[in-house]
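First comes the structure, then the notes that go with it.
Laboratory data are not the source of any read-out in this text; all were calculated from the coordinates shown. Everything numeric in this text was worked out from a predicted model, so none of it was measured. When we count neighbours, we look across all protein chains shown, and the Cβ atoms used for this are built from the backbone with ideal geometry, even at glycine.
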Amino acid sequence: MKATQLVWLRNDLRLDDNPALSLAQQQGAIEVVFIATPQQWQQHDESPAKQGLKAACLEDIGKQLAVRGIPFHQREVAYFSDVAAELVALCQQRELHAVWFNQETPLDERRRDLTVAESLAEAGIASHALDSDLIVSAPVLTQQGEPFKVFTPYYRRWLQLLQQTQRQPFPMPTAQSDAFEFDYQKPDWAGDFRDDLWPSVEEEVLTKLHRFCEKRLKAYPERRDYPAEPATSTLSPYMAIGRIGPRRLLASIQYHCGAQGMEWQGNDWLRELAWRDFYRQLLLHFPRLSMEKPFKPETDNVIWQQDEAGFQAWCDGKTGFPIVDAAMRQLRQTGWMHNRLRMIAASFLTKLLLIDWRRGEQFFMQQLIDGEFAANNGGWQWSASTGCDAAPYFRVFNPTRQSERFDPEGEFIRRFVPELSSLKGKQIHDPSPEIRQNLGYPEPVIDYKLARQLAIDAFARLKTN
């Protein structure tokens, strides 16, 4: 009789395309565990919305496993450092002799997993650590065996490896005994989230992926930068907690590109997913990124401004720049922000207010339902010109020009800055002082031209020192 295997779910909250679940079940019956670490998540600035979505997904997972007769254990400890003892105790209690899990790339998570593997080995329990949740899990390296520091050559190599190593999604686990009732209680750590925007049932999530690829994939390159339009996938909250597997994403792209007569290798959405892989792999090669350090060490010498009033105005969506304020209010109201707006908002904080990118990075993580360390850190360092393959330091977004270009009719601004909803034409992008006063909308917190020059000068000084 084959021994029962334990599958440890972490940042891979799904049944479909889950290597640990599928491969473990090939060895025999399985049981599944999820160990919540709320204090650790708080240290990592995870948002209440993300934790709420996570809890809702766990409820769905529990129900799906119960239908298949697979036991699901939910445990809670404070920190990652407490996980190993909890896993060993569960294995001993349930007489389980092997633990399966999919690896993760951030530093704290990797340290946790080393401790877990050592503790399991000491207790005579095998551990099976599988590849991380990347579309290309193999190291993407230069011909010299070095990590890429620029995205475009990385992407070329990534595509080559993808075509050599791709495989089909792993199947869902099969039923192993009679179904039973799943008793679920919402955990204390679960916050509120917009379940009208992000359903938690796995079948609905996969349907959302299918519909995006079917309806929007073709127009994605032309329409993705317009926040008023439903042109993006809005699947990032699911990717942040591993609700969709990387092979499932790829299979959907390939299928729908084929159905629509497009080459999947050149797909723009696939390229965006490659950026996610890029940022995650950087964490493996450059541990300092997990230690609040810039990728470019010299940029640690930038003299950032201590502008508390400016920072608060940015957080509250009251900077006096309508597109920035609409973006920040979208974040506060929904826990999500359109990617073009993330670049505009981040550039505004780091380049025009000249406030340390780490403060923006932390604030985003505390608000975002799709907060993911690698992507968030990579995006902020790109905007601040401190990161790998970052925007040149002299590239400073003009928020008014960005607004006119990507929200030309002001539709998005009206949605989230209702005090400006009566304005027509170009005036919505930069209302006059009289209009601002009449509508109760603030004056700009900075003079754009002056602030831009101060930022360029601050970075230029790094070259001369």
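Worth a mention:
- Whole-angstrom Cα spans of segment 5-132 along principal axes, big to small: 37, 34, 27
- Angle of helix 448-464 to the longest C-alpha principal axis of the chain, folded into 0 to 90 degrees and rounded to 10: 60°.
- For the chain, the longest principal axis of the C-alpha atoms and the axis of helix 268-285 are separated by about 70°.
- Inverse of mean 1/r across different Cα pairs in segment 185-243, Kirkwood, Å: 13.1 Å
- As a rough guide to protection, the peptides 5-11, 121-127 ranked by mean Cβ packing within 10 Å, highest first, stand as 5-11, 121-127.
- Peptide packing for 249-257, 12-20, 40-48 was compared via the average number of neighbouring C-beta atoms within 10 Å per residue; ordered from the highest value, the list is 12-20, 249-257, 40-48.
- Put the Cα centre of segment 333-385 next to the Cα centre of segment 222-264 and the gap is 22 Å.
- Efficiency of FRET between residue 73 and residue 138 - r from beta-carbon atoms, R0 30 angstrom, step 0.05: 0.40
- Spatial separation of Cα centroids for segment 421-465 and segment 125-147, in angstrom: 44 Å
- Principal axis analysis of the Cα atoms in segment 80-180 yields extents of 50, 34, 19 Å, listed in decreasing size.
- Maximal additional length on extending the residue 424-residue 462 stretch stands at 9.3 nm, based on 0.36 nm per residue less the C-alpha distance.
- Angle between the chain longest axis and helix 48-67 axis [Cα atoms, degrees, rounded to 10]: 30 degrees
- Length-normalised contact order of the chain in % [C-alpha pairs under 8 Å, at least 6 apart]: 18 percent
- Computed packing ranks the peptides 33-39, 322-328, 237-243 as 322-328, 237-243, 33-39, most packed first, by mean other Cβ atoms within 10 Å.
- Our note on the geometry: Cα centres of segment 169-193 and segment 276-315, 37 Å apart.
- A convex hull fitted to the Cα coordinates of segment 297-464 yields 104 cubic angstrom per residue.
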